[in-house]
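Enquirer: Can you read through this structure? Questions will come right after.
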Amino acid sequence: VETFEIIVSGTRKMLELARRKNARFILLSSVEVYGTPDSDEPISEELVGAIDCMNVRSGYPLGKKGAEFLTHAYSKEYGCDVRIARISAIQGLYQSYEELRIFNEIARCIIENKNLVMKSDGKSKKSIVYTLDAVSGVLTALFKGKSGEAYNVTNPQTFLSMKDMAEYLFKTFNPKVS
């Protein structure tokens with residue numbers, strides 16, 4: 001509840017401030033607004049996506065979807081100069097070694113010579129983006145994007161299942177682990 005409310009109400013407050021000050025605004029959203037598409041192709045901005053509103057975990061992506069709606073609506077209804085950057089999973093600089101995300105667990109397995117224990121079938125697919133590329137993508141959307149539009153900030157060449165990504169990285173960097 002709090003996650004959803006903070007995302008939507010915080011975005012609205014920032015949009016109102018941008019409107020009063022006649023300032024350009026960029027919403028940092030997430031590719032989670034697409035839900036979990038069943039596709040072998042990287043996600044494009046045209047995909048609407050479906051999110052299960054009866055799953056409590058959906059508060060984050062639904063909050064982002066609501067924030068995107070408000071941002072787009074402020075552009076159309078009030079003429080505000082706004083953009084939306086949908087950022088995928090960021091990897092790279094300043095990642096905590098202990099972080100629990102799958103990418104970090106794969107790296108720890110490579111470094112520590114231990115096998116990965118997956119808690120799912122590993123079939124979910126996503127793209128990642130390097131830290132500095134994410135910053136570059138956000139700035140590009142802000143300064144070169146069109147008002148009211150949404151832009152994916154990702155690297156479609158990294159679109160892999162988590163299982164395939166782990167196998168590729170193990171094979172490349174430490175074939176002793178699996």
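Enquirer: Among all stretches of the chain without exposed GluC sites (Glu not before Pro) (DSSP loop, at most 10 other Cβ atoms within 10 Å), which one is longest? Intermediate values should be presented prior to the final figure.
Expert: Values: sites that count: 46, 98.
Between exposed loop sites, the widest span is 99-178.
Enquirer: Run the dipole for the stretch 98-153 about the Cα centre, Lys and Arg Cβ at +1, Asp and Glu Cβ at -1, nothing else charged, and hand back the magnitude in debye, nearest 20.
Expert: That gives the stretch 98-153 a dipole magnitude of about 220 debye.
Enquirer: Set the Förster radius R0 to 22 Å, insert the Cβ-Cβ distance between residue 28 and residue 113 as r into 1/(1 + (r/R0)^6), and round the FRET efficiency to 0.05. Don't jump to the answer; show the numbers that get you there.
Expert: Working: r = 37 Å, r/R0 = 1.67.
In this case the efficiency is close to 0.05.
Enquirer: For the stretch 99-132, state which trypsin sites (Lys or Arg not before Pro) are in a DSSP loop and have at most 15 other beta carbons lying within 10 Å of their beta carbon.
Expert: Details: sites: 101, 108, 114, 119, 123, 125, 126; in loops: 101, 114, 119, 123.
Answer by residue number: 101, 114, 119, 123.
Enquirer: OK, next. Relative contact order (percent) for the chain, with alpha-carbon contacts under 8 angstrom and 6 or more residues of separation? Can you show the working numbers first?
Expert: Details: 271 pairs, mean separation 46.1, N = 178.
Once divided by the residue count of the chain, the mean separation gives 26 percent.
Enquirer: Using a 7 Å offset from the Cα along the Cα-to-Cβ direction at both residue 168 and residue 6, what is the distance between the two label points in nm, to one decimal?
Expert: 3.3 nm
Enquirer: Just the number: Rg to Rh for the chain, Cα atoms, Kirkwood Rh, two decimals.
Expert: The Rg/Rh ratio comes out at 1.02.
Enquirer: Two-decimal Rg/Rh of the stretch 78-166 from alpha-carbon positions, Kirkwood Rh?
Expert: Result: Rg/Rh = 1.09.
Enquirer: Using the heavy atoms of the protein chains and a 1.4 angstrom probe, tell me the accessible area per residue for the chain in square angstrom. Before the final figure, lay out the partial values.
Expert: Working: 11300 Å² over 178 residues.
Ligands and nucleic acids excluded, the result is 64 Å² per residue.
Enquirer: For a 24 Å ceiling on Cα separation, which of these pairs sit above it: 65/146; 64/126; 65/163; 64/125; 125/146? List each step's numbers first, then the result.
Expert: On the way: 65/146 19 Å; 64/126 17 Å; 65/163 28 Å; 64/125 20 Å; 125/146 29 Å.
Going by Cα-Cα distance, 65/163; 125/146 fall outside the 24 Å limit.
Enquirer: Assign unit charges at the C-beta atoms only (+1 for Lys and Arg, -1 for Asp and Glu), then state the dipole size of the chain relative to its Cα centre in Debye, rounded to the nearest 20.
Expert: Its charge dipole is roughly 440 debye.
Enquirer: Continuing with the same structure: Could you give the nm distance between label points at residue 21 and residue 99, where each point is 7 Å from its Cα heading toward the beta carbon?
Expert: 2.8 nm
Enquirer: For a quick check: with amide H placed at 1.01 Å from N, whose amide H comes under 5 Å from residue 29's, ignoring anything fewer than 5 positions away on the same chain?
Expert: The answer is 85, 86, 87.
Enquirer: Once you have the alpha carbon radius of gyration of the stretch 55-113, what is it after dividing by 2.2 N^0.38 Å, with N set to its residue count?
Expert: Working it through for the stretch 55-113, the quotient is 1.70.
Enquirer: Continuing with this model, one more query. Could you pull out the longest piece of the chain with no exposed loop chymotrypsin sites (Phe, Trp or Tyr not before Pro) in it, calling a site exposed if DSSP puts it outside H, G, I, E, B and it has at most 15 other Cβ atoms within 10 Å?
Expert: Formally, the longest exposed-site-free interval is 1-93.
Enquirer: Now, a different point. Label residue 136 and residue 77 with points 7 Å out from Cα along Cα→Cβ: what is the distance between them in nm?
Expert: 3.8 nm
Enquirer: For the stretch 1-147, what % of the accessible area comes from carbon and sulfur atoms, probe 1.4 Å? Don't skip to the end; give the middle numbers.
Expert: Details: 5380 of 9400 Å².
Carbon and sulfur: 57 percent of the exposed surface of the stretch 1-147.
The values are calculated or read from the model by the stated rules, or taken from the named source; none is laboratory data. Nothing here was measured: the structure is a model prediction, and the numbers come from that model. Neighbour counts run over all protein chains shown; Cβ positions are idealised from the backbone, glycine included. For the accessible areas, the whole protein counts, side chains as well, though only heavy atoms, and no ligand, DNA or RNA atoms are used. Shrake-Rupley method; radii C 1.70, N 1.55, O 1.52, S 1.80 Å.
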